[in-house]
1. Gap in Å between the Cα centre of segment 43-99 and the Cα centre of segment 160-177?
2. What do you get when you divide the Cα radius of gyration of segment 212-260 by 2.2 N^0.38 Å, with N the number of residues?
3. Could you point to the label whose value was computed as log10 I(q)/I(0) by the Debye sum over Cα atoms at q = 0.11, 0.15 Å⁻¹ for the structure here, given (1) -0.67, -1.18; (2) -0.78, -1.10; (3) -0.65, -1.32?
4. Calculate, for the chain, the solvent-accessible area per residue in square angstrom, rolling a 1.4 angstrom probe over the heavy atoms of the protein chains.
5. If you take the square roots of the eigenvalues of the alpha-carbon gyration tensor of segment 19-157 and sort them as a ≥ b ≥ c, do you get rounded (a/c under 1.5), prolate (a/b over b/c) or oblate?
6. As a test question: what accessible area, to the nearest 10 Å², does ARG183 have when a 1.4 Å probe is rolled over all protein chains in place?
7. Just read off the accessible area of ARG31 with the full protein assembly in place, 1.4 Å probe, to the nearest 10 Å².
8. Could you derive backbone 3J(HN,Hα) for segment 87-100 from the dihedral phi with the Karplus parameters 6.51, -1.76 and 1.60 (θ = phi - 60°), listing whole Hz in sequence and x where the residue is Gly or Pro?
Amino acid sequence: MLGPVLLAASRSDRMRRIVAAAPVTRPVVDRFVAGDGLAPAMNSVRALTASGLTVTLDHLGEDVTDRATATATRDAYLRLLEALMLEGLGPKAEVSVKLSAFGQALPGSGHEIALENVRRVAELATEIGTTVTLDMEDHTTVDSTLAVLAELRERHPGTGAVLQSYLFRTEEDARALAAAGSRVRLVKGAYKEPASVAHQEKREVDRAYVRCLKILMAGDGYPMVGSHDPRLIAIAQELAARHGRKQGSYEYQMLFGIRTAEQRRLAATGERVRIYIPYGADWYGYFMRRLAERPANLTFFLRSFLPNR
């Protein structure tokens with residue numbers, strides 16, 4: 001029941017100020033976010049890639065309301081890619097971007113501004129031997145995001161995108177993207193959506209996830225299984241075997257700081273496992289969505305408010 005409340009709070013400036021001001025917040029945020037700046041994020045990249053994992057990095061930020069901030073987001077990603085290049089980490093590290101942080105929602109020409117900004121990032125990513133995945137946000141952004149994907153893939157065919165199983169439209173989108181060269185991260189979805197466009201019950205979201213995963217595993221693209229759910233991971237393995245997929249023709253993606261033992265277990269069996277590493281000062285929206293996703297995350301956060309005994 002708290003999930004919708006937390007998702008609504010993720011867009012509240014008042015709640016942002018309250019949560020950010022709480023003394024106990026920062027230690028808990030550090031479990032899910034790899035620091036406010038590039039240096040600590042790179043420390044996490046080194047540690048995870050040295051242990052046999054791959055990574056995707058998200059410089060946190062969303063819902064940008066001015067062009068200067070959108071440009072600053074682009075430049076932050078360019079600095080990130082330059083840092084990966086200097087350490088030869090391109091083959092093990094990609095980047096994930098939210099187009100709303102690149103100006104997608106700006107009045108009038110937001111779509112074009114976001115495309116212009118992310119194109120620069122995709123160009124540098126290609127130069128250093130890595131790629132970009134377009135994160136998906138709320139349902140109002142899906143058409144624009146998929147249009148940007150189509151544009152980028154003309155010159156950067158490795159560009160990936162995220163699909164969210166809770167949206168009614170996602171099975172159709174999965175069929176369209178289950179083609180050779182296409183990279184799709186399938187997740188359940190972490191935004192508050194109306195019943196007119198999205199499943200509201202967890203069991204329906206899970207069933208939709210399996211239907212979409214079947215489409216992607218049967219297709220010619222590269223599925224990226226974005227889940228920590230043991231049952232869905234087991235289903236993904238069964239589907240991969242059913243369709244004759246070898247390890248490396250798909251991958252598992254999990255969030256930084258969540259189910260780390262499972263991340264290592266899967267990697268030890270030869271599976272490709274990629275860790276989603278968020279970093280940056282604008283951590284609030286991301287953090288609140290992580291709390292909304294799993295009761296265990298919320299319990300962990302609330303316990304931190306209790307005095308030490």
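1. 24
2. Taking the Cα Rg and dividing by 2.2 N^0.38 Å, one obtains 1.11.
3. (3)
4. On the way: 13840 Å² over 309 residues.
Heavy-atom accessible area per residue stands at 45 Å².
5. Numbers: a/c = 1.98, a/b = 1.17, b/c = 1.69.
Taking the square roots of the gyration eigenvalues as a ≥ b ≥ c, segment 19-157 is oblate.
6. Surface accessible to solvent at ARG183 totals approximately 30 Å².
7. Answer for ARG31: close to 80 Å² accessible.
8. Once θ is set to phi - 60°, the couplings for segment 87-100 become 9, x, 9, x, x, 10, 9, 10, 10, 10, 10, 9, 5, 5 Hz.
The values are calculated or read from the model by the stated rules, or taken from the named source; none is laboratory data. All figures in this text were calculated on a predicted structure; none of them were measured in a lab. Note: ideal-geometry Cβ built from the backbone for every residue, glycine included; neighbour counts use all protein chains shown. We work out accessible area using only protein heavy atoms, side chains counted, and drop any ligands, DNA or RNA first. Shrake-Rupley method; radii C 1.70, N 1.55, O 1.52, S 1.80 Å.
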